Every structure is written in structure tokens, then in C-alpha cells.
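Okay, so here's the structure we're looking at.
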Amino acid sequence: GWVFGVAAGWPADRAARVEDVIVLHMRDDVSAFADPEAHLLQVATSWEVTGRHPGEFGADARAEMLGRYPRLGFGTEFLACFEDQARRKPDSAAAASVRNDVAGRIAANPLESAS
């Protein structure tokens, strides 16, 4: 995030903030009070990737999202990226997710079967 921000001409502090949000959203739980942006990213991406927090998004939101952004094999491609990173970086968050059955959680995501 930092590299993309700086390359886009952002000030260093804004680029650093993006980096922080990206790192924080990979933790188990980020409180909305502690960091609203990281919390929103965590809730949205965990719903997108594994179907977590389904109560945060109503049926209309799900239908609108899937209508605008069909899955098109998202789960399979995302898993392949995580597995690749896990092989290259065995101490990374992606590797921990692979060890903790992210493949099973992605496969069980209701969004995968809704498309």
C-alpha cells in the first residue's frame, strides 16, 4: 500500500496510513473504535473472501454487489494467490491462513455458490 501511495504522489504519512490499515485488517478482530478504516476493510474483505460477518450485509446489498461484481472464480484465484505467498513467505499472514484452512472457508463462502 505504501509503495502504491507514494507512486501515486501521496504524502508519506498518507501512504503509511494505507500500509497500517492493510496490515491491521489481517488481524483476528479490529474494533471499529480502535481503527474504523481497518475495521471496515476487515469486515468487507472477510465477507468477500470467506463469507464471514454475513449479518452486516443484507440480501439487497449482496444482490447488488454480485450484480455489479460477479465472482468469476474469485475464490479460486484468491486462494491460489494466498497459497503462492504462503510458499514464498512461510511466516506471513497468508501462510497462517493457509494452515488454518482458508481453502475450506473460501469453498464454504455462500457468495461462491450465489454467483
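The values are calculated or read from the model by the stated rules, or taken from the named source; none is laboratory data. This one's a predicted model, so the numbers in the text were calculated from it and none came from an experiment. In this analysis, Cβ positions are derived from the backbone assuming ideal geometry, glycine residues included, and neighbour counts consider all displayed protein chains. The area values use the complete protein model at the heavy-atom level, side chains included, leaving out ligands, DNA and RNA. Shrake-Rupley method; radii C 1.70, N 1.55, O 1.52, S 1.80 Å.
A few remarks follow.
- Entry remark, the range 62-96: residues being among the hydrophobic types (A, V, I, L, M, F, W, C) and farther than 15 Å from W47 by Cα number 9 in total.
- Subset of the range 19-74 (residues that are outside any loop (DSSP other than H, G, I, E, B), charged (D, E, K, R) and within 21 Å of P110 (Cα to Cα)): E48, E56, D60, R62, E64, R68
- For the range 27-47, the candidate set comprises residues that are touching a residue at least 12 places away in the same chain (Cβ under 8 Å) and open to solvent by 80 Å² or more (accessible area, probe 1.4 Å); within that set, the residue that is farthest from G1 (Cα to Cα) is D29.
- Count of the range 73-115 residues, restricted to those that are surrounded by 15 or more Cβ atoms within 10 Å (Cβ to Cβ) and of a type in the set (K, R), is 1.
- Test result for L66, modelled with pLDDT of 95 or more, over 21 Å from V21 (Cα atoms) and either among the hydroxyl-bearing types (S, T, Y) or surrounded by 12 or more Cβ atoms within 10 Å (Cβ to Cβ) (or both): no
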